[in-house]
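The values are calculated or read from the model by the stated rules, or taken from the named source; none is laboratory data. Computed from a prediction, not measured in an experiment: that's the story for all the values here. Backbone-built Cβ (ideal geometry, glycine too); neighbour counts: all protein chains shown.
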Amino acid sequence: MKAFWYGDGEAADAARVVAFPLWRRAGEVDAAARALAGISNVDARDEFRHGLAARFFGELEKLGLCESEQDEEVGAFFYEVELALQTLFEEALAEVTTGIG
């Protein structure tokens with residue numbers, strides 16, 4: 001539980017439930033990045049992303065999150081996927097250019 005302060009100096013307790021914890025989805029982030037890295041067709045990559053997003057939106061809707069919260073959570077997931085893709089490509093480039101992998 002996290003405490004925050006009202007303007008008059010009194011503290012109140014607040015808790016935030018994370019319905020879609022990214023730390024629990026690290027494997028899915030990695031799998032999505034690797035899958036996307038292996039798809040050369042732009043339309044197929046878009047279809048893969050849209051399929052993942054639709055699945056996540058469905059899960060979050062069932063949990064009762066409003067649309068803006070769903071957008072935030074799914075956007076955060078895909079942001080992590082982009083970071084993972086960047087790491088994959090940097091590692092691949094280092095292996096190709098230096099032979100160290």
List every residue pair whose Cβ atoms lie under 6 Å apart, where the two residues are 6 or more positions apart in sequence or sit on different chains, the first residue falls within segment 41-59 and is modelled with pLDDT under 95, and the second residue, located anywhere, is surrounded by 11 or more Cβ atoms within 10 Å (Cβ to Cβ) and part of a helix (DSSP H, G or I). PHE56/VAL74
What about ALA26, is it assigned to a helix (DSSP H, G or I), at pLDDT 90 or above and either of a type in the set (A, V, I, L, M) or touching a strand residue (DSSP E or B) at 6+ places or on another chain (Cβ under 8 Å) (or both)? no
